1. Looking at the range 173-185, which of its residues are within 18 Å of LEU156 (Cα to Cα) and either touching a strand residue (DSSP E or B) at 6+ places or on another chain (Cβ under 9 Å) or open to solvent by 70 Å² or more (accessible area, probe 1.4 Å) (or both)?
2. Can you tell me how many residues within the range 186-217 are farther than 12 Å from PRO158 by Cβ, open to solvent by less than 70 Å² (accessible area, probe 1.4 Å) and more than 60 Å from the chain's Cα centre (by Cα)?
3. How many residues does the range 168-186 hold that are touching a residue at least 24 places away in the same chain (Cβ under 8 Å) and assigned to a helix (DSSP H, G or I)?
Amino acid sequence: MTTAQQNDIVKIGLVGGAFYLGYLAYKKNVGGVQDFVETNLPDLLPGGTASPAASVPAALFPLKRGTRNEYVRQLQKHLNVGADGIFGPATEMALFQRYGRKEVASMAELSGMLNTGVAMPIPIPTTPLPSAPAPIPTTPTPSAPPRAAYDARYGLFPLKVGSKGQYVRNLQQHLRVTIDGAFDSGTQKALQARHGVTQVTSFAQLDLYLNGPLPTPSPAKPVNQTIPQA
C-alpha cells in the first residue's frame with residue numbers, strides 16, 4: 001500500500017468521524033426539545049393542568065404558519081383538521097374561524113383551548129372613546145319686527161307726493177279720488193281737505209283714517225249687590 005493510499009484512508013476516516021460527531025450533536029438538540037414536549041404536553045391535554053414552572057423554549061411558540069412541532073399536532077386534533085404537526089393555511093383558517101385569531105401566542109393560551117375550549121381573552125384597548133361632539137349652537141328665530149320698524153325698513157312711510165303702492169291705493173279709495181296707487185298732487189289736496197295734513201307718516205295714522213278711532217269702551221254697569229232680606 002502506497003503512502004498516498006494511506007493518506008486517503010486517513011482523510012476518509014477523519015471526514016466520517018466529523019459527520020458522525022455532527023449527527024450526535026443534532027440528535028442531542030432534537031432530543032432535548034422532544035424530551036420537553038413529552039414532559040409538558042400531558043399537562044395540556046383535557047383534564048391536565050398547565051405547569052406554571054414549565055419553561056417553554058422560545059422556538060415552540062407562537063404557533064403560527066410554518067411552525068412544526070407536537071403542539072401544532074395537538075392543536076390540529078382539537079380543531080379537527082389534518083394532524084400532521086405542520087401549521088399550514090388549513091390550520092390557520094380553522095383557528096381563525098373558531099377563536100378569531102391566526103396564531104397561538106403561548107402554552108397557557110393553548111392549554112385554555114385544549115382544556116376549556118376558550119382562548120385567553122384578547123386585550124381590550126384602553127384608549128378612551130372620543131367624546132361626543134359639542135352641540136351646534138342654534139340661532140334663535142328672530143321675532144317679527146314692530147310695525148313701525150317694518151314700514152321704515154322698506155320705505156313704506158311716510159305716504160307723500162311720489163309714494164306708490166297698495167297703501168296709497170287704500171288711501172285714495174278712502175279719499176274718493178282716482179285710484180292708481182300713485183300719490184300725486186290731487187291725492188295730497190284731497191288728504192289736506194279731509195284730514196288737514198299733506199302726508200301720512202305711519203301705518204297707525206293710515207289705519208285711523210281708514211277704519212276710524214277704536215270705539216271707546218262703555219263703562220261697566222254697577223252690579224246690584226243688594227242682598228234681599230229674608
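The values are calculated or read from the model by the stated rules, or taken from the named source; none is laboratory data. These numbers come from a predicted model, not from an experiment. FYI the Cβ positions are ideal-geometry reconstructions off the backbone, even for glycines, and counts take in every protein chain you see. Surface areas here come from the heavy atoms of the whole protein model, side chains and all, with no ligands, DNA or RNA. Shrake-Rupley method; radii C 1.70, N 1.55, O 1.52, S 1.80 Å.
1. Scanning the range 173-185 gives GLN173, ILE179, ASP180, GLY181, ALA182, PHE183.
2. 8
3. Residues that pass the stated criteria total 4.
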